[in-house]
Every structure is written in structure tokens, then in C-alpha cells.
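A.B. asks: Mind looking over this structure? Questions follow.
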Amino acid sequence: MRAIPVASVALLGGVALSACVPAGAVGSNTFGFTVSPATVAPGGEVTLGVGRTAAGCHGRVTVTSPVFDTVTIPRDESSATARVDRDARRGAVYQVTFACRDKTGTVDLTIAGGGSHHPSDEPWHDKGVHAGEGGSIAGLDLKQLGLGAALVAGAVGAAYHLTRRRGEDRA
């Protein structure tokens, strides 16, 4: 009988611990490729970094992404900056690819605003916001109105019954 609670606690603990792992730690990035900040607004600037440790890259690094021009990090430097395109899709996640001789790696770059999704190949056009109606023009649904009134009446009746009952218990 104790196996079910123990298994539940173990499963919830595992889920909680996996939620604590930083997003950058999930992928394989043994060469120290970084994009900072990891979330940037369209038109913002990011710093592209490369680790110059023993396992890192020691040559020139070419960095490419669909949201900024190709950037080269010289051999004697460990970082460079890039400006994100102003028309980058808000909420999208783009891959930044680092190439150094025979070593390559990718890091995700999120564009601030909106939901998180990967970009598609089709062009995106801002169509504006459709606002103003908000359900006020649609017809009245008597079934929904009746159900809502019944729920409110039931809640008020239950609250009244419970408060009267407590008053009688005290007397």
C-alpha cells in the first residue's frame, strides 16, 4: 500500500528537478558557444560568444542565423555582437549556428513577445488586431443564461444554508 505514495512522491520530485535545469544545459554545447541575452526584442543586440578553453574552438568562428547577418569572431577574440532584424517574428525561436573548423554547434535565440514556436518557411504578415465585438453582438443563448443563473442561485442557497446551520449549532 505504501508503494503508490512513494512512487507518486518520486515522480513529482523528478519532474520538479527536471524543471530546474536551465534551458541552455539541455543541448550539447561542449565548445562554449553562447548567445546573450537568450531572449531579445526585434532590433535588439546580442553578444555571441565562444569558449577559448582546451575543449573549445581556437580558430575563427562564423556565426549564422536567419535573424541577423553573418558574424565572424576573430581567432584572438572570444565574442562579437550582432543586431537582430527588426522584422524578426515575435515569440519565435531561431537557431544560431556556430562553425569553427570541424566543430559546429547551435544555440536557440528567442524573440521577445508572443508565444513560443518555431518559425516556418512561409512569410509572416501582421494583420492587426480584430477587436470591438467581444461577443456583445452574438445572440443570447437562453440555455447558457439559465445554467448560469442556476449555478449562482445554488451557490447563494448553499452559503445561506451553511451560515444558518452554524448559527443554530452555536445556540
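A.B. asks: Name the single residue, out of those in the stretch 99-152 being part of a strand (DSSP E or B) and open to solvent by 60 Å² or more (accessible area, probe 1.4 Å), that is modelled with the highest pLDDT.
C.D. replies: Only one residue tops the list, namely 108.
A.B. asks: Only residues that are at pLDDT 55 or above and not in a strand (DSSP E or B): list them for the stretch 18-50, please.
C.D. replies: Correct list: 30, 31, 32, 33, 37, 38, 41, 42, 43, 44, 50.
The values are calculated or read from the model by the stated rules, or taken from the named source; none is laboratory data. Computed from a predicted structure; not experimentally measured. Please note that ligands, DNA and RNA were not included when accessible areas were found on the heavy atoms of the full protein model with its side chains. Shrake-Rupley method; radii C 1.70, N 1.55, O 1.52, S 1.80 Å.
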